[in-house]
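Below is one structure, written out as structure tokens; comments come after it.
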Amino acid sequence: DFGLRQIATRTLNCYAAAVVEATLQPAVAPKALWRQIMEQLASDSCDYYRKMVYSTPGFKDFFALCTPVREIGEMKLGSRPSSRTKSGGLTKLRAIPWVFGWTQIRFHLPVWLGVGKALGCILENSKDEKLKEALLEMYQTWPFFRSTISLIEMVLAKADSTVSMWYVENLVPVHYAALASKLHNELDRTTNCVKTVTKHKWLLEADKDVMATIAHRMPYTDPLNLMQVEVLKKLRGGFRDAKLQGTLYSTIQGIAAGMQNTG
């Protein structure tokens, strides 16, 4: 919100400092091996993401059940409908409700799905130690790769498996349990891979200020998630009430403010 002087000033300072640093101390040119690894990471992560989202039976229904995306679509929150057409499944869903839905349940799947698989292919499965060493060197030396991993690490720090599983357990039929477990295991794997690359014992170990702000907001966000689950259960059970709709709208706003990654 650039209407707040402190935020506007801080943002300007960050941009000015970044420009000065990049001018006085240009980043090192990426090595050929780094580019090769980046191409592999991009390909592996994209392939896994598409396989999970578009080829996993029941994934579309699982997403609709465990997130408030359908209710969000009915609320007319944005200037455009959440889906480009009434049919077509996930391929016709706009990017904002796709990210927004996962953000509401504190799972943030579009940010990290495929990252753990791609990093794991090098860290866990590769027999070439040079690739592993190069991957760690990329994080330490290449600003582009470091900033990418840092952004993923920041969002992972906002994810909460306990909260997201609460949505699954209360809103999703039991026959989706295997899919939910697989996705949550993948979240854990991604977190471990990111910590290996960054050499951090915990997420955001090197950015304690950001971690502190996230930790400060979560006690206020957790009750909103619990409240949202209860409201969704009642609405989906056929109970219709204007106050209940208003409560759902308030939880959506509050959780979005707490996450600060809305889509």
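The values are calculated or read from the model by the stated rules, or taken from the named source; none is laboratory data. For clarity, every value in this text was computed on a predicted model and none was experimentally measured. Note that we place each Cβ from the backbone using ideal geometry, even for glycine, and neighbour counts take in every protein chain shown. These area figures cover heavy atoms from the full protein model, side chains too; ligands, DNA and RNA do not enter into them. Shrake-Rupley method; radii C 1.70, N 1.55, O 1.52, S 1.80 Å.
At a glance:
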item: The stretch 1-21, residues that are open to solvent by 70 Å² or more (accessible area, probe 1.4 Å), farther than 20 Å from residue 260 by Cβ and aliphatic (A, V, I, L, M); result: 19, 20
item: Near pairs, Cβ below 8 angstrom, 6+ apart or cross-chain, from the stretch 1-25 (free of Cβ contacts under 8 Å to residues at least 40 places away in the same chain) to any residue that is assigned to a helix (DSSP H, G or I); result: 1/7; 2/8; 2/11
item: Residue ranges of helices (runs of 4 or more DSSP H) in the stretch 37-116 with at least 1 members modelled with pLDDT under 95 and of a type in the set (D, E, K, R); result: 59-66, 69-75
item: Yes/no for residue 209 being part of a helix (DSSP H, G or I) and in contact (Cβ under 8 Å) with a residue 24 or more places away in the chain; result: no
item: Filter result (open to solvent by less than 80 Å² (accessible area, probe 1.4 Å), assigned to a helix (DSSP H, G or I) and of a type in the set (Gly, Ala, Ser)) within the stretch 241-263; result: 246, 250, 254, 256, 257, 258
item: Enumeration of residues in the stretch 22-36 that are at pLDDT below 90 and open to solvent by 100 Å² or more (accessible area, probe 1.4 Å); result: 25
item: Checking residue 203 against (1) open to solvent by 10 Å² or more (accessible area, probe 1.4 Å); (2) touching a residue at least 24 places away in the same chain (Cβ under 8 Å); (3) assigned to a helix (DSSP H, G or I), the condition it does not meet; result: (3)
item: Any hit, the stretch 121-128, residues being among the β-branched types (Val, Ile, Thr) and in contact with a Lys or Arg (Cβ under 8 Å, 6 or more places away or on another chain); result: yes
item: Members of the stretch 137-175 found to be open to solvent by 30 Å² or more (accessible area, probe 1.4 Å) and either assigned to a loop (DSSP other than H, G, I, E, B) or more than 30 Å from residue 33 (Cβ to Cβ) (or both), listed by number; result: 160, 161, 162, 165, 166, 169, 170, 173, 174, 175
item: Subset of the stretch 231-240 (residues that are open to solvent by less than 80 Å² (accessible area, probe 1.4 Å) and free of Cβ contacts under 8 Å to residues at least 60 places away in the same chain); result: 231, 237, 238
item: Verdict on residue 238 being out of contact with any helix residue (DSSP H, G or I) (no Cβ under 9 Å at 6 or more places or on another chain), in a helix (DSSP H, G or I) and at pLDDT below 95; result: no
item: Selected residue (only one of 183, 224, 179 is open to solvent by less than 60 Å² (accessible area, probe 1.4 Å), modelled with pLDDT of 95 or more and farther than 28 Å from residue 56 by Cβ); result: 224
item: Conditions (1) under 15 Å from the mean Cα position of the chain (by Cα); (2) open to solvent by 10 Å² or more (accessible area, probe 1.4 Å); number of the one not met by residue 116; result: (2)
